[in-house]
Amino acid sequence: MDIAFDRQHLWHPYTSLSDPTKTYPVVGANGVRIQLADGSQLIDAMSSWWCCIHGYNHPVLNQAVTDQLQHMSHVMFGGLTHEPAIKLGQQLVAMTDPSLDAVFFADSGSVAVEVAMKMAAQYCFEQGLTKKHRFLTFAKGYHGDTFGAMSVCDPVTGMHHKFSHLLHQHLFISSPRCGFDQAWEDHCMDEFKQALAEHHESIIAVIFEPIVQGAGGMNFYSPEYLRQVRALCDEYQVLLIFDEIATGFARTGKMFAYEHAAVAPDILCLGKSLTGGYMTLSAVLCNRMVADGIGTHFMHGPTFMANPLACAVALASTQLLVNSDWQQRVSAIASSLQQGLQDLSAHPAVKDVRVLGAIGVVELHQTINWAAIQERMVAKGVWIRPFMNLIYMMPPLIIEAAEIDHITEALATTLQELL
Ligand code: PMP
């Protein structure tokens with residue numbers, strides 16, 4: 001493998017070409033294991049950034065792609081349609097809240113967020129709500145790297161300062177404070193209530209990640225917060241967008257995180273594990289009020305919209321998930337993570353350890369040299385990708401207890417070695 005070319009010419013995520021962070025050449029992946037070119041096997045604790053819920057090289061998903069290839073890999077969706085898109089649309093409508101029954105297929109998570117923001121904006125425009133010109137969102141949020149998505153990401157972790165002259169200015173409030181298992185305290189809602197009361201006339205929609213704020217801070221918060229947000233959005237007639245690109249498809253212990261609160265958004269963004277991590281595809285669902293209110297033309301139509309290969313594998317992946325014992329799997333992963341990580345709370349460098357569903361987080365007091373931690377973990381046969389002061393794990397749902405023990409033991413040793 002020409003690693004020198006890779007280092008000199010290929011950008012990797014969130015790094016530079018002048019001083020790139022280390023990359024590890026991969027030659028294959030199977031089940032929960034990634035195989036490196038040097039022959040070593042790594043247990044994947046990242047599901048390739050939340051995606052590979054069924055693990056790699058899954059026979060059912062492989063078959064779905066192979067079967068679809070015999071018919072067509074792609075046709076434009078403008079004026080044409082096909083079975084994989086229709087069946088996937090039916091599947092998504094059936095498995096999400098009954099109010100969500102219109103589906104827009106897009107290319108990636110970031111584009112889904114752009115589409116959701118545009119849907120909300122066009123809805124308001126068509127309703128004559130012309131004073132509405134901004135979104136309300138939270139600190140520690142993350143919604144993607146395109147300009148619209150970036151404008152609603154946490155201003156610090158999203159490094160807004162480099163682009164602030166180009167970004168539309170939205171309203172930010174503090175991230176939800178009341179933890180997932182904490183007793184609810186009414187003051188947790190004060191800032192949101194005040195923001196909506198003061199600014200609802202200018203707000204197109206509230207957009208955020210329900211229950212788990214992911215790449216902006218791995219913050220888990222109370223379902224009561226979602227319930228009250230929904231009620232207040234109804235009261236002030238402000239649209240509600242949930243970004244479930246990371247949390248969707250069982251990761252938090254519910255099929256969708258909003259189910260923890262038994263509320264539904266007006267617009268829902270899905271992505272990542274939609275295709276079981278096989279290829280890029282996202283979907284934006286909305287309710288009839290939004291769909292009908294948008295009027296005759298919704299001005300968005302990506303070239304690869306509803307790509308048949310992606311839809312076919314997404315259909316196979318969602319069916320595989322729905323027909324599996326995912327609840328038991330996620331709670332077994334939660335217990336193993338809990339057990340394996342709990343002793344780390346006593347480590348002086350550790351600020352907090354938290355687990356929700358198939359997500360485990362070790363928050364440190366200080367920002368870390370994550371590349372050094374990653375290197376030690378690779379040497380111990382584990383793949384993780386920490387950021388800032390956060391080491392987090394969200395393994396494929398097919399992982400076994402012994403493999404989670406391997407991950408948590410490797411992490412405990414690494415922290416002893418380095419911190
Ligand atoms: N929203 C959330 C909550 C995400 O976690 C991500 C990706 N990390 C995105 C949006 C953007 O998705 P993509 O990288 O596919 O554009």
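In this structure, the amide hydrogen of residue 206, modeled 1.01 Å from its nitrogen in the peptide plane, lies closer than 5 angstrom to those of 136, 239, 240, 241, counting only residues at least 5 positions away or on a different chain.
Direction-averaged shadow area of the convex hull around the Cα atoms of the range 1-73, nm²? List each step's numbers first, then the result.
Values: hull surface 26.5 nm².
Answer in nm², one decimal: 6.6.
How much net charge surrounds residue 340 when only the other residues with a Cβ under 9 Å from the Cβ of residue 340 are counted, with Lys and Arg +1 and Asp and Glu -1? Once positives and negatives cancel, what remains is -3. Over the range 320-419, the Kirkwood radius and the radius of gyration, each from Cα atoms, give a ratio Rg/Rh of 0.98. Per-residue 3J(HN,Hα) values for the range 348-356, derived from phi via the Karplus relation 6.51 cos²θ - 1.76 cosθ + 1.60 with θ = phi - 60°, read x, 7, 9, 8, 7, 10, 9, 9, 9 Hz in sequence order (x marks Gly and Pro). With helices as the sole contributors, the chain gives -11000 deg cm²/dmol at 222 nm; each DSSP H run of n ≥ 4 counts as -39500 (n - 2.57), and the sum is divided by every residue.
Short-range pairs are left out: with C-alpha atoms under 8 Å and at least six residues apart, the relative contact order of the chain is 22 percent. Oblate is the label for the range 105-148, because the ratio a/c of its alpha-carbon gyration tensor axes (a ≥ b ≥ c) is 1.5 or higher and a/b is not greater than b/c. Given the range 17-151, what whole percent of its Cα pairs are spread farther than 19 Å? So the pairs more than 19 Å apart make up 72 percent of the total in the range 17-151. Counted by Cβ distance under 15 Å from residue 271, the other residues give a net charge of -4, where Lys and Arg count +1 and Asp and Glu count -1.
Comparing Cα centroids, the range 380-395 and the range 129-160 end up 26 angstrom apart.
First measure r as the distance between the Cβ atoms of residue 14 and residue 70, then evaluate 1/(1 + (r/R0)^6) with R0 = 41 Å and state the FRET efficiency to the nearest 0.05. Provide the component values of the computation, followed by the final result.
Numbers: r = 38 Å, r/R0 = 0.93.
The calculated FRET efficiency here is 0.60.
For each pair in 87/272; 193/254; 140/193; 131/193, compute the distance between the two Cα atoms and list the pairs where it is over 23 Å. Exceeds cut-off: 193/254. Peptides 24-36, 394-406 ordered by packing proxy, namely the average of other Cβ atoms within 10 Å per residue, highest first: 394-406, 24-36.
What number, in nm² with one decimal, is the all-direction average of the projected area of the convex hull of the alpha-carbon atoms of the chain?
Details: hull surface 82.7 nm².
Dividing the Cα hull surface by four gives the mean projection, 20.7 nm².
Bear in mind these aren't lab numbers, they're just calculated from the coordinates by the rules spelled out. Source: prediction; values computed, not measured. Note that we place each Cβ from the backbone using ideal geometry, even for glycine, and neighbour counts take in every protein chain shown.
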